[in-house]
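Enquirer: Pasting a structure here, questions to come.
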Amino acid sequence: MKLYRLPAHQLHQLIQDREISIQELTRSIFQRIEEVEDKIKAFLSLDEEGAMEEAGRLDRKLSQGERLGPLGGIPIAVKDIICLKGRRTTCGSRILEDFCPPYSATVLQRLKEADAIIVGKTNMDEFAMGSSTENSAFQVTRNPWNLASIPGGSSGGSAAAVASGETVMALGSDTGGSIRQPASFCGVVGLKPTYGRVSRYGLVAFASSLDQIGPITRDIRDCAMLLEVLSGRDGLDSTSLDYPVPSYLEYLVPDLKDMRIGLPREYFVPGMSYEVREAIVQATGVLGKLGAEVEEVSLPHTEYAIATYYLIATAEASSNLARYDGVGYGLRTREGNNLVEMYKKSRQEGFGEEVKRRIMLGTYILSKGYYEDYYGRARKVRTLVRQDFEEVFQSHDAVVTPVSPTVAFKIGEKMDDPLKMYLSDIFTISANLAGIPGISIPCGYSREGLPIGLQILTKAFDETTLLRVAYAYEQNTHWHKREPEDLQT
Ligand code: GLN
């Protein structure tokens, strides 16, 4: 049995029934990493020793008749933008190459309490800025479905690791699509929770009014399990909200009776690939068969979303990244004759091209005389984008859209044209601007065998409906069962 291929809920059962040990499972994951990591390059660091030790500890607990937490013994990979105490947390950047945080993020604390096992830290676009993981300062991660293609980004390492069997689950972060788009490109499930649902204490900040941490998993049950562990108010993050955390698994029923689902007309843009369009149309047919009423709706401010996002995200990034100055932590240049020169050189050496581009853009946007015209205006348009959704959700339970206009593109294809890269985020960005939850689930494959994702969006804090729609679709289709052929051994 290929243990590394099974979803967490099945592994959980096998462990509870004492059919397999946690050490066996952990070993199977590290063997798989040994087998394929050279090709995929999903991880920036691994912790086999720590993981095996923890597995042994949990096995002993079980054999003494103790109960384990809800993720007891499940291997999980963590995007390298989430702080893990005493372990390198690089954010894919030279400037943090040797940075070991003195504390762990709240989500990692929660994983620990749930008895999950951390496998390692995954590759990403530097400071989560990008859509392909090519902006990592360290390595290029490959798409397990086609090694010449990108895995998506910025959580590309996490999505590729789940798809290739190098972990069972993973954490990503999503500021403008960075969980959903790589999940879609790698044929796995990725959920961006409502803004405020999951604590961000210990998540290195990119754009604070947009960032969220969320799960990347094999299927919807796993996603529901992991989301429940991550969710809830945290006194250490003032933006996390005190809404009750439902037992998400209980809402997973395989039909959509009495549901109204909107299909936004603005999301079927010219330039979208024919195969993606077809897959989405087919998917809406399935939702209809399951009892939902699917009808066209309008989100009229969609066309302003990309411009609005890149104003807000770069402005906030320029402010958040001001702290990397070679003094408090991270890289310090060996050159520079005075303090200001040292600041400048450290930042010059430490940041990559895309990060510098965004800092410059963001600093300009926030400068005197432009602030109101750019940042102020963008915030107003953001309100309009949010109101579009509020309007639709008065009469509809969910909205479905594509995740990306195309399937995974080739490595190198968009690297010399940043605007082209930005445009590929067209369908995921609005959810971050509106603060609402969104999920990507597999809904088909291109002729070349690359995965296509379906995005489902609901109103804020309605992850239960989101998961229910996703589950009903998943249970009535077979897309999530495929494995990347290139990697079959
Ligand atoms: N691709 C988008 C960007 O480059 C989104 C990234 C993200 O969600 N972290 O900003």
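Enquirer: At 7 Å along Cα-to-Cβ for each site, give me the label-to-label distance between Tyr371 and Asp98 in nm.
Expert: In this crude label model, Tyr371 to Asp98 measures out at 3.8 nm.
Enquirer: Using the Kirkwood radius built from alpha carbon pairs, what does the Stokes-Einstein equation give as D for region 280-405 at 25 °C and 0.890 mPa s, in µm² per second?
Expert: On the way: Rh = 18.1 Å.
Translational diffusion coefficient: 135 µm²/s.
Enquirer: Still on this structure, I have one more. From the cross-link list Lys344/Lys414; Lys39/Lys410; Lys79/Lys192; Lys344/Lys380, which pairs have alpha carbons spaced over 25 Å apart? List each step's numbers first, then the result.
Expert: On the way: Lys344/Lys414 29 Å; Lys39/Lys410 15 Å; Lys79/Lys192 14 Å; Lys344/Lys380 34 Å.
Where the Cα-Cα span goes over 25 Å, the pairs concerned are Lys344/Lys414; Lys344/Lys380.
Enquirer: Please work out the Cα convex hull volume for region 212-279 and give it in Å³ per residue. It would help to have the intermediate numbers written out before the result.
Expert: On the way: hull volume 12.7 nm³, N = 68.
So the per-residue Cα hull volume is 187 Å³.
Enquirer: Taking every pair of distinct Cα atoms and averaging 1/r, then inverting, what Kirkwood hydrodynamic radius in Å comes out for region 241-337? List each step's numbers first, then the result.
Expert: Details: mean 1/r = 0.0531 Å⁻¹.
This gives a value of 18.8 Å.
Enquirer: Report the residues of region 351-370 in range of a label on Glu335: point 7 Å along Cα→C-beta, backbone N strictly under 20 Å from it.
Expert: Hits in region 351-370 for Glu335 at 20 Å: 351-357.
Enquirer: May I have the convex hull volume per residue, in Å³, for the Cα set of the chain?
Expert: Expressed per residue, the convex hull around the Cα atoms of the chain is 139 Å³.
Enquirer: Quick check: residue separation of Glu295 and Lys61 times 0.36 nm, minus the Cα distance between them. What number comes out in nm?
Expert: Working: separation 234, 0.36 × 234 = 84.24 nm, distance 5.21 nm.
Stretched out fully, the Glu295 to Lys61 stretch lengthens by 79.0 nm.
Enquirer: A further question on this structure: Relative to the present Cα-Cα distance, how much length would full extension add between Lys39 and Ser209 at 0.36 nm per residue of separation?
Expert: Numbers: separation 170, 0.36 × 170 = 61.20 nm, distance 3.58 nm.
My answer for the length gained is 57.6 nm.
Enquirer: Tell me what the chain gives for mean residue ellipticity at 222 nm when only DSSP H runs of n ≥ 4 count, each as -39,500 (n - 2.57), the sum divided by the residue total, rounded to 500 deg cm²/dmol.
Expert: Details: 15 runs with 181 residues, N = 489.
Computed ellipticity for the chain at 222 nm equals -11500 deg cm²/dmol.
Enquirer: Over region 1-88, with a single point scatterer placed on each C-alpha, what log10 of the ratio I(q)/I(0) does the Debye formula yield at q = 0.13, 0.16, 0.19, 0.25 1/Å?
Expert: Here the Debye-derived log intensity ratios amount to -0.46, -0.69, -0.94, -1.36.
Since every read-out is calculated from the coordinates, none of them should be taken as a lab result. None of the values given here were measured: they were computed from a predicted structure. So basically every Cβ, Gly included, is an ideal-geometry build from the backbone, and we count neighbours across all protein chains shown.
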